[in-house]
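The values are calculated or read from the model by the stated rules, or taken from the named source; none is laboratory data. Owing to the predicted nature of the structure, the values given are computational and were not obtained by experimental measurement. Every residue, glycine as well, gets a Cβ built from its backbone with ideal geometry; the counts of neighbours run over all protein chains shown. To get the accessible areas, we keep the full protein, side chains included, count just its heavy atoms, and leave off ligands, DNA and RNA. Shrake-Rupley method; radii C 1.70, N 1.55, O 1.52, S 1.80 Å.
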Amino acid sequence: MIRLFLIDGAALAYRSHFAFSARPLMNRKGLHTGALFGFTTTLLRLLEKERPDLMAVIFDSPEKTFRHHEFPDYKATREKMPDEMADQIPYIRKISEAMRIPFIAVPTFEADDIIGTLVRRAETKEIDTFMVSGDKDFYQLLGPRTHLYQTKKGEESEILDEGAAQKKWGIPDRHVTDLLALMGDSSDNVPGVPGVGEKTASKLVQQFGSLENLYRHVDEVEPASLQTTLKEHRALAELSKRLVTIHTDVPVPLGVEELRPNGFDVPRLQALYDELDFHSLIGTLAGHGGERTDTSKEKYILINTRAKFLQFIEDLKKARSFAVDTETTGLHPADAEPIGLSFSFQTKSAYFVPLHSNELSRGEILETLRPILEDERSPKGGQNIKYDRTVLKNAGVRLRGIAFDTMLESYLLDPGGEHGLDALALKHLGIEKIRTQELIGKGSRQISMAEVDLDRLSHYACEDADVTWRLHEKFYPRLQSQDLVRLYEDVELPLAAVLGDMERTGVAVDVTLLKTLSKKIAGRLTELTEKIYAMAGETFNINSPKQLGPLLFERLKIQETVGIKRIKKTKTGYATDQDTLETYAGHPIVALLLEYRNLSKLQSTYTENLPLLVHPKTGRIHTSFNQTVTATGRLSSSDPNLQNIPIRTDLGKEIRKAFIPGENGWKLLSADYSQIELRILAHLSGDKTLIETFKRNEDIHRRTAALVFCVPADQVTSELRGRAKAINFGIIYGMGPQRLARETGISMDEAKAFIEAYFAKYRNVKSFLDSMMEDARKKGYVTTLLGRRRNIPEISSNNPRLVSNAERIAVNTPIQGSAADLIKVAMVRIARTLERKKFRTRMLLQVHDELVFESPEDELQSVTAMVKEAMERAIELCVPIVVDVGAGANWAEAH
């Protein structure tokens, strides 16, 4: 059966725009892109999930329609489209056309009428039609072959069929126009009959059917007051019916059969994705009908005989350098085993050596390759080489001589970009790679790489190695021209190996303690639930914003209690997110709700989840350290994220107690930089007062409080020190008076005065911050101490909010990024020393400015001294770098 999908373009764009209203998406030039991103991903999801035979995007025409001529106030109450959304509409058309999906707009007609016309045309040809919209007006078009397709959050969707109006209002679909004529439609300013709402309208339609029949029997309507109202406003009701009735005779220029998607215009769509910074979507271009780059003509060779293998080994030995890639049994490095290796050392040429279906045994292949792969003098690299290194280590081969990693090269050149191989191949080489999904499928039908046809697997693997080699040849000269080679070769590249070893080692946890903590949290959550219900005067779903919002702002009126007039709303109701609730924390129920949320998050993320992540073979948790995620250069942690455990709360400390040494008689060692970002600020700014404070080893927050509040240092109270601390750290993050006032509980005037006093005392800090912003405006980027770049093109935007955010980035990145550089240098040096001196001590975790190790007691003293020295001397500053080191039976004790 032929299926036609008609997209209500404006409805989808509006829905997408407001979905991102809380956290707007923007490209590097400052263009809002939320509506575009939501629109594009919905089209991609429909193409992938539904695979429509026919498809079109329908939009309103900007001219006034016949409805406006009949009723000038039609849609008059609708708010003007936000400017940031209006800027995106031309791009929606460009996206649709680049996807080769017909885009239709007919002058003086609305999208609803165009859709209605195409629906009726499709019905005559026995085509199943799906109207992609959430608009209730479309109920009137439902029929045996016409459906309403409503997209939901994520992958979900709901399809409404003929009879949907019966389920919703108890009326036939054909009478939806009669219902709307009576009740009106506030969104389109359709008046309806005054005083008649949805409930009354549905009863009238159930009783009388059409509007015309209702007025033929209007004398039978009860009560009398309703009868009178209907008689008085008959003209309004009839006008309203004409306004809500979808016309099905629009002169649409395209026939239904012409609405066939015709494969992507890949170069055009790629250019749009690049302009819009939709880096995550570049990889989706493959497999959607675009012209795949033909790599069948490349020299891709399957090495599955002894003669081929021996010749290949001779060629590999002669190569000046080569790219290597592994095909494996799975994605998790702790479990994955190699099933084959691919190599490339010349553009458009690659080799695949399978470890199965080969004349040689797996052992013979690996033993022959081992001297080359383990040779420190044989330069080699890959894409995300950390993964391949771990996989080979699982097979007993230690990869040495790592000279490049294209993922890291891409990251240093474009920290905010997409660094996956498919996306990089398409963006930089114009190659649309074979997708992994095309080989192994997905869902319940997914097979393993070992089951893929050998010839297909060989071509796929060779393509990976060839593309990696080509990217390296392209990226490395750019690293040289941007003076990034030292950072790349001395820090990022060796760090990848360090992180791989940390991931493979894992960290041990006390499962029993975590389960005990989970029960303790569950008990406290029960107590909080009862208190919240008692204060609310009713039971409700605490986790439901739709129930929580009206309770807080309508029934309890918490805004009046704390004296905040403005109430933040989203498209779906009252805002009840963490940041919003914190502004009302003065109300007792909000304090309870915040505690409830924090505890729930800790329970689900840590005390309940961590025991489930203990690996059955190693007995440890193996997190992933992500080197190419943050724009500042900081590492992140995932699966699970071990960098977000609260440090200062009692419960956070209890959770840290669950992290223990994995060996009997060993200790955990924690080494933490002290106020490193403020020390870097002192170095970069050259501020004499800051430098002097650190050189004297004074309490920087007490000194700041004494200077700013004009009191002797010995009379600084804990409250004043806390305010000074907020200012010290806030300055690094571009904090303004509004945020300072909120965080310290002072007035805006006081906050402004404090910031002015701060800059009066630390004059060079102000000059440094201004110079960073000016430098960013001139160059379009900022750099760290080691030359790491972060592009900030939005600093030249015409959007004041974007410029303000860009200025904060310009100030923060050189400081936070330099701190990231510092600890990375230290990690590389420490790892080398541990290996060189054959210490059994292992590095386990990196949490921002802290490193965690497990160490046998007989090494503890010497390792502590070595770690402290390596961290404090990683980079020379004009102020002392201080590292606090501790050891204990668990992480909490060590820290």
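A few notes on this one:
- Rg(Cα)/(2.2 N^0.38 Å) for segment 41-159, N = residue count: 1.14
- Note on segment 707-822: Kirkwood hydrodynamic radius from all Cα pairs is 15.3 Å, rounded to one decimal.
- Rounded to 5, the percent of DSSP beta bridges in the chain classed as antiparallel: 65 percent
- Counting only alpha carbon atoms, the long axis of helix 362-373 and the longest principal axis of the chain meet at about 70°.
- Peptides ranked, highest mean first, by Cβ atoms within 10 Å: ranges 454-466, 659-671: 454-466, 659-671
- Rolling a 1.4 Å probe across all protein chains gives residue 147 an accessible area of roughly 20 Å².
- What separates the Cα centres of segment 375-402 and segment 622-648 is a distance of 23 Å.
- Between segment 718-744 and segment 1-70, the alpha-carbon centres lie 42 Å apart.
- The long axis of helix 676-685 is offset from the longest Cα principal axis of the chain by roughly 90 degrees.
- Rounded accessible area of residue 702 (nearest 10 Å², 1.4 Å probe): 80 Å²
- When the C-alpha to C-alpha distance is required to be over 19 Å, the pairs from 49/427; 657/868; 168/568; 515/601; 94/779 that qualify are 49/427; 657/868; 168/568; 94/779.
- Highest average packing first - 810-819, 8-17, Cβ atoms within 10 Å: 810-819, 8-17
- Loop-located chymotrypsin sites (Phe, Trp or Tyr not before Pro) in segment 707-758, at most 15 other Cβ atoms within 10 Å (DSSP): 733
- Cα centroid of segment 310-351 to Cα centroid of segment 221-277, whole Å: 56 Å
- The sum of -39500 (n - 2.57) across all DSSP H runs of n ≥ 4, divided by the residue count of the chain, sets its helix-only mean residue ellipticity at 222 nm to -14500 deg cm²/dmol.
- C-alpha long axis of helix 306-318 to longest principal axis of the chain, angle in °: 70 degrees
- Global form of segment 384-482, assessed from the alpha-carbon gyration tensor, a/c cut-off 1.5: oblate
- Note on segment 474-616: Rg/Rh from C-alpha atoms, Kirkwood Rh, equals 1.22.
- Peptides ranked, highest mean first, by Cβ atoms within 10 Å: ranges 363-372, 380-389: 380-389, 363-372
- P(r) tail fraction, the chain - alpha-carbon pairs more than 36 Å apart, %: 61 percent
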